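Novice: Structure incoming, see below.
The values are calculated or read from the model by the stated rules, or taken from the named source; none is laboratory data. What you see is a predicted model, and the numbers here were worked out from it, not measured in a lab. Glycine gets a Cβ as well: all are built from the backbone with ideal geometry, and neighbour counts include every protein chain shown.
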Amino acid sequence: MTASDSASMLASELDNFVDIFRRLRPPEPGLRHAGFELHGGSRYLNGTAGGDHLIYVDFVHRYDLDRRIETARRAGRDDVALELERNRHRVGVLVADVAGHERTDALVAAMLHQAFLTGVLYELEMSGAVTARLFDVLNTRFYNSVSVDRFITLVYGEIWDDGRFRFLSAGHPRPLVFSAAHNRIVEVAPQHLVSYLPLGMFPSEDDIDGRRLRPAPKAKKRFSVNQIELMGSGDILLLYTDGLAELARDAERFVPTRLEAVLRRVKGLPARDIFDAVVAEAVAFSEPEDDLSLVVIKRF
């Protein structure tokens, strides 16, 4: 095989990998649910794939809740049936960022995609809802399967019909809330913004199999859930990755001052248009040096 043949084969394999990764993205960049609309997307530094990843968990349309509830009740698991019923009133969204922004970093993102959604299936069977336990398991799994420099930051949250946003964070940029009533980004109390180490750096402290695996210098504290109850009519919640959080020109960062100015200008628009405006303004402000992902959640 010639060098030219090898290069052609490598390019073909890379194209195949990128095609697989594309299929893991949300089929639509946004969704609507009970008074909310969500729109998100990723701008990859290398064009077609990278370490950022988005997953929407539309419980009503992704899962047969009626059948699951009936099965739980027949088994006498009324507590699980009740929690399954609550899924009609919430939508989940995961924003993740694998350390690195090469196309091959998308492999770790793909691993997270499959592991997370498989875990959600088990969570619905066992508890009727996604719990913090899933992320303790994912953390240990990635600790045992990827190198320490391929850790993952993420935020997973669920927006409820009544405006609550319940979430947990693993070393990820904090969610931002733009208040329509106050016309600015509002401060969220630190106790509602607790974050933990990124996934994969250390095993979870309650890992039952830990003694049989490689030793760790210390254990990672278990995840707990934060809650924000600020979402009023017209409010905007932003979830994003480091590509936006660290965007800077000279000594000035895009977040929060420039971002706030954009949101003031476009706050009356649909989530899709807000997303487009923020990304366009961010890229014009400074050329990104990392993958950039953003999810806009707007309450009607």
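Novice: Could you say which residue among L45, L82, L65 is surrounded by 14 or more Cβ atoms within 10 Å (Cβ to Cβ), modelled with pLDDT under 95 and either farther than 19 Å from Y240 by Cα or touching a Pro at 6+ places or on another chain (Cβ under 9 Å) (or both)?
Specialist: When all the criteria are applied, what remains is L45.
Novice: In region 87-127, what residues are assigned to a helix (DSSP H, G or I), of a type outside the set (A, V, I, L, M) and touching a Gly at 6+ places or on another chain (Cβ under 8 Å)?
Specialist: N87, R103, D105
Novice: Another question, if that's okay. So, in region 247-265, of the ones that are hydrophobic (A, V, I, L, M, F, W, C), surrounded by fewer than 17 Cβ atoms within 10 Å (Cβ to Cβ) and modelled with pLDDT of 95 or more, which residue ends up nearest to F36 (Cα to Cα)?
Specialist: Taking the candidates together, the pick is A261.
Novice: Give region 228-248 a look and list any residue that's over 15 Å from V186 (Cβ atoms) and either under 18 Å from the mean Cα position of the chain (by Cα) or among the basic types (K, R) (or both), or say none.
Specialist: L239, Y240, T241, D242, G243, L244, A245, E246
Novice: Still on this structure, I have one more. Limited to region 268-300, what total is found for residues that are farther than 14 Å from L38 by Cα and either surrounded by 16 or more Cβ atoms within 10 Å (Cβ to Cβ) or of a type in the set (S, T, Y) (or both)?
Specialist: Result for region 268-300: 11.
Novice: Could you tell me which residue of region 185-223 is modelled with the lowest pLDDT, considering only residues that are of a type in the set (G, A, S), out of contact with any Phe, Trp or Tyr (no Cβ under 8 Å at 6 or more places or on another chain) and assigned to a loop (DSSP other than H, G, I, E, B)?
Specialist: Only one residue fits best here, namely A189.
Novice: Hey, among the residues in region 153-172 that are among the aromatic types (F, W, Y) and farther than 19 Å from M111 by Cα, which one's surrounded by the most Cβ atoms within 10 Å (Cβ to Cβ)?
Specialist: F167
Novice: OK, next. Within region 251-300, how many residues turn out to be more than 21 Å from the chain's Cα centre (by Cα), without any contact (Cβ under 8 Å) to a residue 60 or more places away in the chain, in a helix (DSSP H, G or I) and farther than 23 Å from H101 by Cβ?
Specialist: Result for region 251-300: 5.
Novice: Still on this model: Counting just the residues of region 106-134 that are out of contact with any helix residue (DSSP H, G or I) (no Cβ under 7 Å at 6 or more places or on another chain) and crowded, with 22+ Cβ neighbours inside 10 Å, which one comes out nearest to D79 (Cα to Cα)?
Specialist: Going through the qualifying residues, I end up with L112.
Novice: Another question, then. Got at least one residue in region 143-154 being modelled with pLDDT of 95 or more, closer than 21 Å to D79 by Cβ and not small (G, A, S)?
Specialist: no
Novice: Search region 115-127 for residues being among the hydroxyl-bearing types (S, T, Y) and either touching a Ser or Thr at 6+ places or on another chain (Cβ under 7 Å) or without any contact (Cβ under 8 Å) to a residue 40 or more places away in the chain (or both), and hand back the single one that is farthest from G100 (Cα to Cα).
Specialist: Y122
Novice: For the structure I just gave you, tell me whether A96 is crowded, with 20+ Cβ neighbours inside 10 Å and either of a type outside the set (D, E, K, R) or within 19 Å of H33 (Cβ to Cβ) (or both).
Specialist: Criteria met by A96.
Novice: Here are V137, V130: which of them is in a helix (DSSP H, G or I) and touching a residue at least 24 places away in the same chain (Cβ under 8 Å)?
Specialist: Result of the check over V137, V130: V137.
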